[in-house]
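What follows is calculated from the coordinates using simple rules that are stated; it is not laboratory data. Predicted model only: the values in this text are computed from it and were never measured. Counting neighbours? That spans all protein chains shown, and the Cβs are built from the backbone with ideal geometry, glycine included.
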Amino acid sequence: MTAAAARQRKPVVLLRPVPGDSVVHRMWAGTKLLAAAAIGVLLTFYPGWVPIGAVALLVLIAARLAHVPRGAVPSIPRWLWVLLFLGGLTATFAGGSPVIEMGSLDVGLGGLLNFLRITVLSIVLLGLGAMVSWTTNVAEVAPAVAVLGRPLRILRIPVDEWAVALALALRAFPMLIDEFRVLYAARRLRPKAASPKSLRGRYRQWWLELIDLLAAAIIVALRRADEMGDAITARGGAGQLSAHPSRPRAIDGWAAMIIVVVCGAALALELTILGTSG
């Protein structure tokens, strides 16, 4: 492997499960969605270090059980590290307790700690969403949503139609990303036209290139939608997307119990022994 290939940045891979058969893969999609929603609510109202650490531990254990390879984790661009450094440096100027003495200068670390807490919280939530994406087949999401939304049918809410729309969006998203990458690569391979000398001419050329790229993207999206519509019709219609049998199993009960116990213990520690409420 060459040095250039080793330095190549790994792209973000979403909505494509990691191959394998593990306890996390066999869990019901509805259980994963409910767990992600409940954890999101918990960290929204109590974003303390203990709940964040507990959720991070759950995500790491789930990744270990699901045998998620390191290659699935995308590379972090350098400009993001620069932004994080500048953000932490700016947050340090906010001061706050705790305060450390550096000679004759008192530096408050409260702002920096808050910035680090928010950053770690964002990383944990992104990891939680990535775990659901890496261990859940897209075809299992729509039936799970239809089952979870069944009580809403009493209110005449079109749950099945929403589930079908969600399934189509999840199926189309990875395909459109691949198509847009191909379009962008083809655009870069085209010979570049001579750049106009005037600033107005350069802006006009940039806008024309953007319009051409958007037009090509719309055409590709319409072609993909037509192909997907024909495939769905050949398989029995859109109703089949949410009609697949989908039910929780015993493993989902154990998983829900573990999540409730860990998150409940973390919340109790955050509110009582540590004396903070995020």
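Overview of results
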quantity	calculated
Distance (nanometres) between label positions extended 7 Å along Cα→Cβ at Arg78 and Phe93	2.6
Listed residue (Pro17, Thr233, Ala37) projecting farthest to the positive dipole end of the chain, Cβ model	Thr233
Sequence of Met228, Met131, Met257 once ranked by neighbouring C-beta atoms within 10 Å, starting from the fewest	Met257, Met228, Met131
Where the Cα pairs of the chain fall when distances are cut into 10 Å bins, in %	5, 18, 25, 24, 17, 8, 2, 0
More than 22 Å apart - percent of Cα-Cα pairs taken over segment 50-122	45
Extension reserve of the Ala169-Leu189 stretch, reckoned as 0.36 nm per residue once the Cα distance is removed	4.2 nm
For segment 82-162: relative contact order, % (alpha-carbon pairs under 8 angstrom, 6 or more apart)	18
